[in-house]
Amino acid sequence: MSHDSVRDRLIVALDVDSVAAARVLVDQLGDAVSFYKIGMELAYGGGFDLARDLKSAGKRVFIDLKLHDIGATVERATRQIAKMGMDFLTIHAFPQTMTAARAGAGDSLKLLAVTVMTSYDDADLKEAGYACSVAELVARRARQAQTAGIDGLILSPHELSAIRTLVGPDMLLVTPGVRPAGADVGDQKRIMTPSQAIAASADHIVVGRPITRAADPRAAAEAIVAEIASVAH
Ligand code: C5P
């Protein structure tokens, strides 16, 4: 697997509504956290300046914009993110979108495909015109991502084992829906603990509120890193 260190396997989702609040959090977390995710809310609120500053400070940055558009637009947008020196970018796992993003990404930006949004169930797919189950569509898109040369997949923790078997060891598997034992589950429905997700072959776990809303975010992050270390190999 191609993660660099145990600490890098924890990605903290900076899901806050202002860059100022994100900077306070990053300062609190200090060297306990080496990898951050910036999603749509923060990106559209000035988060790219923060992303550049995080890179200057030696952090890794995951831009979670879930791109999906005509090929030419996806390719050019991906090239901009690559030029900024970002580490991970999400795209939707449609073949045209993935091929275009691959063409724009170059060598250092890793592309992660979102197979099927985990808020969708079989009934939602039927409503949207698909004649297959979520599990079938996840597997189909995982294979298509591999064919398109995509670096990794975003999956729910419960999809990890089956998809690892399907795609083999080289694809990065990244999972949200992670909650330390005893933490507030919030709106996440199908969760695993950090050690369960790592044991189920996740390369990286994405954790937001259990860290960002903790009384002591740094201690919460260190506890998760220690838990990852206890099962990582
Ligand atoms: O606060 P929490 O740990 O639930 O945050 C998880 C992060 O992962 C959020 O940024 C959320 O948008 C993202 N995510 C998710 N579930 C998915 C896909 C993305 O929780 N299925």
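Tell me, yes or no, whether the range 55-65 has at least one residue that is over 20 Å from L14 (Cβ atoms), at pLDDT 95 or above and within 16 Å of the ligand (Cβ to nearest atom). No, that holds for no residue. Of all residues in the range 20-50, those satisfying the criterion of being surrounded by 21 or more Cβ atoms within 10 Å (Cβ to Cβ), free of Cβ contacts under 8 Å to residues at least 40 places away in the same chain and part of a helix (DSSP H, G or I) are A22, L42, G47, L50.
When only residues in the range 83-102 that are assigned to a helix (DSSP H, G or I) and of a type outside the set (D, E, K, R) count, which is surrounded by the most Cβ atoms within 10 Å (Cβ to Cβ)? Among residues in the range 83-102 that are assigned to a helix (DSSP H, G or I) and of a type outside the set (D, E, K, R), the one surrounded by the most Cβ atoms within 10 Å (Cβ to Cβ) is A101.
In the range 103-121, how many residues are among the charged types (D, E, K, R) and either crowded, with 22+ Cβ neighbours inside 10 Å or within 15 Å of the chain's Cα centre (by Cα) (or both)?
Narrowing the range 103-121 to residues among the charged types (D, E, K, R): 107, 110, 121.
Cutting the leftovers down to either crowded, with 22+ Cβ neighbours inside 10 Å or within 15 Å of the chain's Cα centre (by Cα) (or both) gives us 110.
Of the residues in that region, 1 qualify.
The lone criterion from (1) part of a helix (DSSP H, G or I); (2) under 18 Å from the mean Cα position of the chain (by Cα); (3) of a type in the set (A, V, I, L, M) left unmet by V74 is number (2). Kindly check whether there is at least one residue in the range 86-96 that is in contact (Cβ under 8 Å) with a residue 12 or more places away in the chain, under 18 Å from I163 (Cα atoms) and among the acidic types (D, E). No, that holds for no residue. Out of the residues in the range 167-193 that are closer than 15 Å to A145 by Cβ and crowded, with 16+ Cβ neighbours inside 10 Å, which is nearest to the chain's Cα centre (by Cα)? Looking at the filtered set, the residue picked out is V174. Among the residues of the range 99-108, not a single one is within 17 Å of T175 (Cβ to Cβ), in contact (Cβ under 8 Å) with a residue 12 or more places away in the chain and among the hydroxyl-bearing types (S, T, Y).
Restricted to the range 125-157, and to residues that are without any contact (Cβ under 8 Å) to a residue 40 or more places away in the chain and within 13 Å of the ligand (Cβ to nearest atom), which residue is surrounded by the fewest Cβ atoms within 10 Å (Cβ to Cβ)? So, considering only residues that are without any contact (Cβ under 8 Å) to a residue 40 or more places away in the chain and within 13 Å of the ligand (Cβ to nearest atom), the one surrounded by the fewest Cβ atoms within 10 Å (Cβ to Cβ) is V134.
Residues in the range 51-65 that are surrounded by fewer than 19 Cβ atoms within 10 Å (Cβ to Cβ) and in a helix (DSSP H, G or I): 4 in all.
The values are calculated or read from the model by the stated rules, or taken from the named source; none is laboratory data. Keep in mind that this is a model prediction, so the values were computed, not measured. Cβ sites come from the backbone with ideal geometry, for glycine too, and all protein chains shown count toward neighbours.
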